[in-house]
Amino acid sequence: MVKFACALSLLLLAGCAEVAPYQRARLAHPTMAPGDDTVLGRDHMQAVQEGAMGGTVAASSGCGCN
Amino acid sequence: MQLRALGVSSVLTLTALEGSLHAEPSSVRWQSTGELSVYHDSDAITAVTPSVRAEVRDPLVGWSASGSYLVDVISAASVDIVSSASPHWQEVRHAGALGANYEHGEFALGANGSASYEPDYLSLVGGLVGSLELARKNAKLEMGLSYGHDTAGRTGTPFSVYSLGLDRYTLGAGLELVLDRATTFSPAFDAIFESGRQEKPYRYLPLFDAAVAPNVAAGASGEEVNALRLPGRVAEHTPDSRFRWVLAGRLAHRFQRSTLVLDDRLYRDSWGLTASTSNLRWVLELGNRFSIWPHARFHVQSGVSFWRHAYVGEITSGTTDVPVNRTGDREQSPLWTATLGPGLRWDFGDADPRDYSLVLEGDAAYTRYRDALYIDHRWSWLAVIQLARRFQ
């Protein structure tokens, strides 16, 4: 699994383009940021109604799903 | 109304900090957001969730800190409650989170923690996230780990008398890649291990005779179930450990006047549940101050391997013959959900339009339960209003 992850990472890195800081105006637009569409109420509602979880590296809060 | 007042007043309080905090020009930037979401579905569940978030960061020095707090007021008279002859039910949940991050050169390290409390449930989570910029900041490697402990009990009974504990360990890794001047791609992988009790203390399942079970249709009503089931009910029981694996990806592309974001998540766990979740959001700008977007989401999952909508068993005095693992939690059943909704953002700051912003969002969702008792579909609606303030 570790070898596979390393190989995949190298493959993905190979697909990167060299973009200089002065070429990043579009990348820096706020709508490109991962947290731009965060809705706390919606995130929790989906978490308690579906069996799947995860997908973000950061720790997520636990849920009271009694 | 009190909750609405709580959300709005909290935003005003956070916003009021500006006056005392930005007397001198500073590189410190603040953002505060107040949010109110209202959820209602065709299963008679309503949730009102006011929340506040705040973030402060100094991009020159490289540190940031954030916090959030929300209250969930949930009112339910769903089929699960009615079918168990329980009265209408209402509960309040409080949840808070804190985080801090420090960047030094190409390295960054962050810590975060969160807590969620309601009278019969307590969840505590803490985690660390580290990241490393690579390839002249055209790639970022991120790794995180977290530990969480959940305690489930019964309302009115102290946790010291009755509780079920669950430990959760999460290891995550992700990459953020710049593909070109307008496109990023972010794959991520999570491995989650849970150890402990995941049964719902209030949930009791009907049992059916082996000859009757095949005749119990998915979506059978409470009356039909009561007419066919054996006397008595049995408590849920699920395996005491669970491995979850998640592979996720986020593709974002910035056009001249719009942004398209695609998220996808593939999920598999040791209970046999497989799921796929796709999310699309396309933000279209109408001038400098307005943007609108359609939002679409599709989630599909199989059930856990031991899922049955009609469990076969026999309860007699002194002996119970039932499947070892059993659950009535529809969250673990085969289902799909399609969500569609619009969003609107109005930036109304003076110097920078985004200094003040108002966001309105609405979602309508349809869930199809392919193999559950009591219910075969659900319609739900979510309305969200956000007010954000940024200042320096």
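Only one of these is surrounded by 18 or more Cβ atoms within 10 Å (Cβ to Cβ), within 8 Å of chain A (Cβ to nearest Cβ) and closer than 21 Å to B:Arg197 by Cα: B:Val283, B:Val304. Name it.
After applying the criteria, what remains is B:Val304.
Considering region B:104-121 alone, what residues qualify as being hydrophobic (A, V, I, L, M, F, W, C) and either within 16 Å of the chain's Cα centre (by Cα) or at the interface with chain A (Cβ under 7 Å from one of its Cβ atoms) (or both)?
Passing the criteria: only B:Ala115.
Mind listing just one residue for me: the one in region B:181-211 that is touching a His at 6+ places or on another chain (Cβ under 8 Å) and of a type outside the set (Val, Ile, Thr) and, of those, nearest to B:Leu230 (Cα to Cα)?
Ranking the candidates gives B:Glu199 first.
Restricting to region B:238-261, count the residues that are part of a strand (DSSP E or B) and either in contact (Cβ under 8 Å) with a residue 60 or more places away in the chain or farther than 24 Å from B:Phe306 by Cβ (or both).
Adding up the residues that qualify gives 12.
Quick one: would you say B:Arg168 is under 18 Å from B:Glu236 (Cα atoms) and either open to solvent by 20 Å² or more (accessible area, probe 1.4 Å) or touching a strand residue (DSSP E or B) at 6+ places or on another chain (Cβ under 9 Å) (or both)?
no
Among the candidates B:Glu142, B:Glu55, which residue alone is closer than 22 Å to B:Phe391 by Cα, in a strand (DSSP E or B), open to solvent by 50 Å² or more (accessible area, probe 1.4 Å) and within 12 Å of another protein chain (Cβ to nearest Cβ)?
Testing whether each residue is closer than 22 Å to B:Phe391 by Cα, in a strand (DSSP E or B), open to solvent by 50 Å² or more (accessible area, probe 1.4 Å) and within 12 Å of another protein chain (Cβ to nearest Cβ) leaves just B:Glu55.
The conditions are (1) farther than 30 Å from B:Val225 by Cβ; (2) under 19 Å from the mean Cα position of the chain (by Cα); (3) open to solvent by less than 60 Å² (accessible area, probe 1.4 Å), and B:Ile385 fails exactly one of them. Which is it?
The number of the failed condition is (3).
Sort through B:Tyr117, B:Tyr147, B:Tyr102 and tell me the only one that's within 18 Å of B:Asp72 (Cα to Cα), at pLDDT 90 or above and either hydroxyl-bearing (Ser, Thr, Tyr) or open to solvent by less than 70 Å² (accessible area, probe 1.4 Å) (or both).
Only one candidate qualifies: B:Tyr117.
Go through region B:158-227 and tell me which strands (runs of 3 or more DSSP E), entirely inside it, have 3 or more residues that are more than 12 Å from every other protein chain (Cβ to nearest Cβ).
In region B:158-227, B:204-208 are the strands (runs of 3 or more DSSP E) which contain 3 or more residues that are more than 12 Å from every other protein chain (Cβ to nearest Cβ).
Whether any residue in region B:316-329 is under 18 Å from the mean Cα position of the chain (by Cα), at negative phi and within 13 Å of chain A (Cβ to nearest Cβ) is what I want to check.
yes
Looking only at region A:25-66, how many residues end up being part of a loop (DSSP other than H, G, I, E, B), facing another protein chain (nearest Cβ under 7 Å), open to solvent by 40 Å² or more (accessible area, probe 1.4 Å) and at pLDDT 85 or above?
The qualifying residues number 3.
The values are calculated or read from the model by the stated rules, or taken from the named source; none is laboratory data. Only a predicted model underlies this, so the values are computations on that prediction, with no experimental measurement involved. We place every Cβ from the backbone using ideal geometry, glycine too, and count neighbours over all the protein chains shown. Accessible surface is based on the protein model in full, side chains and every heavy atom, while ligands, DNA and RNA are left aside. Shrake-Rupley method; radii C 1.70, N 1.55, O 1.52, S 1.80 Å.
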